[in-house]
1. Expressed as a rounded percentage, what relative contact order does chain A have, with Cα pairs under 8 Å and six or more residues apart?
2. With N set to the residue count of the stretch B:157-231, report its C-alpha Rg divided by 2.2 N^0.38 Å to two decimal places.
3. Can you check what the net charge comes to around residue A:149, using other residues whose Cβ is under 11 Å from the Cβ of residue A:149 (Lys, Arg +1; Asp, Glu -1)?
4. Determine the calculated [θ] at 222 nm for the protein assembly as shown from helices alone, applying -39500 (n - 2.57) to every DSSP H run no shorter than 4 residues and normalising by the residue count; nearest 500 deg cm²/dmol.
5. Need the C-alpha centroid separation for the stretch B:200-222 versus the stretch A:147-171, integer Å.
6. Within 10 Å of each Cβ in peptide A:76-87, how many partner chain Cβ atoms are there on average? Round it to a whole number, please.
7. In the full protein assembly as shown, how much of residue A:323 is accessible to a 1.4 Å probe, in Å² to the nearest 10?
8. Computed on alpha carbon atoms, what radius of gyration and Dmax characterise the protein assembly as shown, expressed in Å?
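The values are calculated or read from the model by the stated rules, or taken from the named source; none is laboratory data. All values reported here derive from a predicted model rather than from experimental measurement. Every residue, glycine as well, gets a Cβ built from its backbone with ideal geometry; the counts of neighbours run over all protein chains shown. Just the protein is used for accessible areas: all its heavy atoms, side chains included, with ligands, DNA and RNA removed. Shrake-Rupley method; radii C 1.70, N 1.55, O 1.52, S 1.80 Å.
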2 protein chains.
Amino acid sequence: MTVPVPPALPGPIDPPARLLMGPGPINADPRVLRAMSAQLVGQYDPAMTGYMAETQELYRAIFATRNDATVLVDGTSRAGIEAAIVSLVRPGDRVLVPVFGRFGHLLAEIAERAMAEVHTIEVPWGQVFPVSVVEEAIERVKPTLLALVQGDTSTTMNQPLDEIGEICARHGVLFYTDTTASLGGNAFEADAWGVDAATAGLQKCLGGPSGSAPITLSERAVAVISSRKKVEAGIREAGDVDAPDFVRSNYFDLGMILDYWGPRRLNHHTEATTMLYGARECARIILEEGRDAVIERHRVAGAAMLAGVQGLGLSVFGDVAHKMNNVVAVEIPSTVVGDAVRASMLSDFGIEIGTSFGPLHGKVWRLGTMGVNARKDAVLQTLAALEAALRRGGASVPAGGGVDAAMDVFGGTEV
Amino acid sequence: MTVPVPPALPGPIDPPARLLMGPGPINADPRVLRAMSAQLVGQYDPAMTGYMAETQELYRAIFATRNDATVLVDGTSRAGIEAAIVSLVRPGDRVLVPVFGRFGHLLAEIAERAMAEVHTIEVPWGQVFPVSVVEEAIERVKPTLLALVQGDTSTTMNQPLDEIGEICARHGVLFYTDTTASLGGNAFEADAWGVDAATAGLQKCLGGPSGSAPITLSERAVAVISSRKKVEAGIREAGDVDAPDFVRSNYFDLGMILDYWGPRRLNHHTEATTMLYGARECARIILEEGRDAVIERHRVAGAAMLAGVQGLGLSVFGDVAHKMNNVVAVEIPSTVVGDAVRASMLSDFGIEIGTSFGPLHGKVWRLGTMGVNARKDAVLQTLAALEAALRRGGASVPAGGGVDAAMDVFGGTEV
């Protein structure tokens, strides 16, 4: 047959210069991209297993944990979420999901698909849960797993987690949290907070491209995973294939993934070597600067962006006291067409800011200050461009109000 | 708490030079790694959606199909396999898996985990199925899906598929094939052969790193996927969550993935942009050289490696007439310690050759000639090194026998 070759092959990848100041993905740190351009080695090469062990150690530091079971899942952040849930939850298990935005709905959906008995509690978008409300729900539902997002980019909220682990431990509940949007830019302490499972992605504060999902699992979580059926010699040999003890996924069976990363090095998938190189470099960059220093840099950049948009006379959505450092939701003034301003930001200024989902669709823009973009010049460029785009869009904005307010936060000197 | 920072941060990624001549992963084409070092753009940036559309068109040419539903799954080749199976198979559906090696067992296991009623037929390792045996099993089992590996690296066999699609269509069976190990190095014609679903990975003949899984789906396959429950507004709103119509995975729900790649651009995962850049470049490289020319280059390189190992007096495992072009299994001579020779190949010569699994464990080495490594100098380096390593390991081998035999295949001139 005639092979339908494209009439003209497209040219090489040559993306336009963009400053990505939305809720993610953000620009990858150029060091990460350089690390990813290194040539491959075989998956059992001593160099590769060495890189794997180093990556585990680096992510223990990023998650602030001594968990041996700290590895990468080969896929986007959502792959890490699904691996955690399908491996920790048996069909019929009760799962409690406090929902304060889009990603809480995602955790609930994944747990429903995993045939858990899912219970949700909700607060309006723009709020977080008081700890007492979570505890009350745990006492009522008696779940085996609490699945709780830390930072939900859909609302910009940052759920306080520091007291949740103790409550879960007291009630014999496993505590899983999705830190995709928050890790690296906001405080997170897996061990000190009693977290049993946490997952992330590279494309937010960690400063890399999407496609690798760091995960850490406590000994309690590993014990649950280890208690599920092993499929080594063939699934039928392992027992009744309809039993709830089987993880219903091969790719996301963390028991197998841990055996691949662990000393047994049992073959599972072929590790996504280039993504591992990238994940390793993301962590190295953060730990070189210092984990706390990176979080502080995100705090300052986020505070400057917040002050800046307020300096432009814009209103901020949600409970600002519980906002993540790395993203702010700005109400779109009624005097402009939101999508037109956003399009001008991209096509005229080369700066991407974010739109919104669900109840906030069309109502707010989301501005991110994450990873390598959590820095002064990126914030000031964005505010200067936003001022210009707003004015051209028909809004009345105070001249220089955004940049001046942000500059005050950064401690810039007068010129 | 004290964050357990690694006492000394590991240095930058700096892998040793390796020539990867095993069954995969292989060295990535340097052009692919360069493409992957390009900076990111946002996932709904016109540049990004343009790259996505181009990637779809490029993989239509690679798969030889006009299927609109030709996309990437964000994960390793195994992610593509699981996405195909969980999206095409409802719990209780009958699935037929002809098993001729390790990856047939994998397809069966994934289908079992998806709660299908799985029927397998087997031939001994080193053989493929006569078409009549597959048809007979289809008539007996009456499956809704036939899941059949094309090339199984564990045995090096290449299952003929050209008549299978017609048989499946005649019996109303969907035909899925895993082409991970074979695509790009062996003939494959999705449309002409009546394939309903095919999946692949970059790390074999396509010449890239693991971490992206191209997939193509016929209209018949898309109709099955479209008939399953949509989860858009929330899973409970979508109906009875225990119904078999629900895909039990969010990440691998091809209905959602197609809506993300399609004109609706419904948000699902955050595309692994860097892996997409890599996948796009892999296809561009192949189509520049010409798809048929690349397959022919794999045929010649594979024939040269086969002649070379025979020229060294080694025996080849399996039905050579049905071997994939891109990998050969060589029986380890009883006069040497297999792992010692393989270790010397790696540590002394910088060349990786493969070990084996299952019934072949310890009995054969596997030598690959794939992607950018399906070339004369890589084959000759490998044969020269293998001769030296065998001799140093205690085997008696004809001096120059491997290189001379391979050179004859390549048509090298006397020096």
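1. Details: 832 pairs, mean separation 90.7, N = 415.
Relative contact order of chain A: 22 percent.
2. Working: Rg = 13.5 Å, N = 75, 2.2 N^0.38 = 11.3 Å.
The reported ratio for this selection is 1.19.
3. On the way: positive: A:102; negative: A:152, A:178.
Once all neighbours under 11 Å are counted, the net charge is -1.
4. Values: 26 runs with 317 residues, N = 830.
For the protein assembly as shown, the value works out to -12000 deg cm²/dmol.
5. The stretch B:200-222 and the stretch A:147-171 have Cα centres spaced 37 Å from each other.
6. Numbers: counts 9, 2, 6, 8, 1, 2, 4, 1, 0, 1, 4, 0.
Mean partner-chain Cβ count within 10 Å for A:76-87: 3.
7. Its accessible surface works out to 30 Å², give or take rounding.
8. For the protein assembly as shown, the Cα radius of gyration and maximum Cα-Cα distance read 26.9, 87 Å.
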